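Written out below as structure tokens is the structure these notes cover.
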Amino acid sequence: MTKNILVLNGSPRKNGNVYTALKTQTEELVRKIEKDRSNKANVIWEDVNSLQIKACCGCMKCRTDKNCILPNDDAHRVAEEIKACDMLLVGTPVYWGNMNGKLKMLFDRLVPVLMGESKLGIPIPLHKGKKSVIVTACTTIFPFNYLCGQSSGALRAVKEILKSSGFKICKKVNISGTKKNA
């Protein structure tokens, strides 16, 4: 059986802390999956900052049409990858206590593929049973990265999106004090 793993690398830095941690987490998952020789892992890696995506225009048509009405771009392709994935790994550097802007822009465009909505406006998760891992990296040292809301803010934002979508968060990796590595 093949397990599809989708990695969304929100870091603009090639070989940076988020990239390295995502790579390590992905390799661990692949080893775990392929430990049973009848299983195979298929990894799709998306460097979010390299994607050509337009910002959400807030038209809300995706809520009724179940599809983004903007012209096809990389967000539409990633939406299909999310539908097909069994596991999602999301990594982001912490920018002002939140995920990086391009990753947020992508998630804004992915609303119709991540969650539905009841007539009362209550979110309906579309990915129940799928697993996820969150990776964050912050220049602020521990414990101030949490006390000042930096890492906790980014983690909370990504967690909210994944949980509202039905993903079970299996692991959270937070790297703090990265200023020396910046």
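Please verify whether segment 86-96 includes one or more residues that are open to solvent by 30 Å² or more (accessible area, probe 1.4 Å), at pLDDT 95 or above and within 24 Å of LYS168 (Cα to Cα). Looking through segment 86-96, at least one residue is open to solvent by 30 Å² or more (accessible area, probe 1.4 Å), at pLDDT 95 or above and within 24 Å of LYS168 (Cα to Cα). Inspection of segment 3-22 finds a residue satisfying the criterion of being open to solvent by 30 Å² or more (accessible area, probe 1.4 Å), under 20 Å from the mean Cα position of the chain (by Cα), modelled with pLDDT of 95 or more and farther than 25 Å from CYS138 by Cβ.
Among residues belonging to segment 142-182 that are in a loop (DSSP other than H, G, I, E, B) and in contact with a helix residue (DSSP H, G or I) (Cβ under 8 Å, 6 or more places away or on another chain), point out the one that is nearest to ARG109 (Cα to Cα). Checked segment 142-182; the qualifying residue nearest to ARG109 (Cα to Cα) is SER165. Picking from residues in segment 145-182 that are closer than 27 Å to GLU117 by Cβ and among the polar types (S, T, N, Q), the one that is surrounded by the fewest Cβ atoms within 10 Å (Cβ to Cβ) is SER164. Taken over segment 137-162, the criterion of being in contact with a strand residue (DSSP E or B) (Cβ under 6 Å, 6 or more places away or on another chain) and either among the small types (Gly, Ala, Ser) or more than 20 Å from VAL7 (Cβ to Cβ) (or both) is satisfied by ALA137, SER151, GLY153, ALA154, ALA157.
Go through segment 23-49 and give me each residue that's modelled with pLDDT under 95 and either within 24 Å of ALA137 (Cα to Cα) or small (Gly, Ala, Ser) (or both). The answer is SER38, and nothing else.
For ARG77, the requirement of being under 25 Å from ARG13 (Cβ atoms), open to solvent by 60 Å² or more (accessible area, probe 1.4 Å), charged (D, E, K, R) and not in a strand (DSSP E or B) is met. When segment 109-141 is filtered for residues that are in a loop (DSSP other than H, G, I, E, B) and open to solvent by 50 Å² or more (accessible area, probe 1.4 Å), the ones remaining, listed by number, are LYS119, LEU120, ILE122, LEU126, LYS128, GLY129, THR139, ILE141.
Which ones in segment 44-58 are on the phi < 0 side of the Ramachandran plot and open to solvent by less than 60 Å² (accessible area, probe 1.4 Å)? Within segment 44-58, ILE44, GLU46, ASP47, VAL48, ASN49, LEU51, ILE53, ALA55 qualify. ARG63 meets each of the listed conditions (1) part of a helix (DSSP H, G or I); (2) within 16 Å of the chain's Cα centre (by Cα); (3) surrounded by 13 or more Cβ atoms within 10 Å (Cβ to Cβ); (4) not hydroxyl-bearing (Ser, Thr, Tyr) apart from (2).
The values are calculated or read from the model by the stated rules, or taken from the named source; none is laboratory data. Here the structure is a predicted model, which is why all the values come from computation and not from measurement. Positions of Cβ are generated from backbone atoms using ideal geometry, with glycine treated the same way; all protein chains shown enter the neighbour counts. Side chains are part of the model used for accessible areas, which takes the heavy atoms of the whole protein and leaves out ligands, DNA and RNA. Shrake-Rupley method; radii C 1.70, N 1.55, O 1.52, S 1.80 Å.
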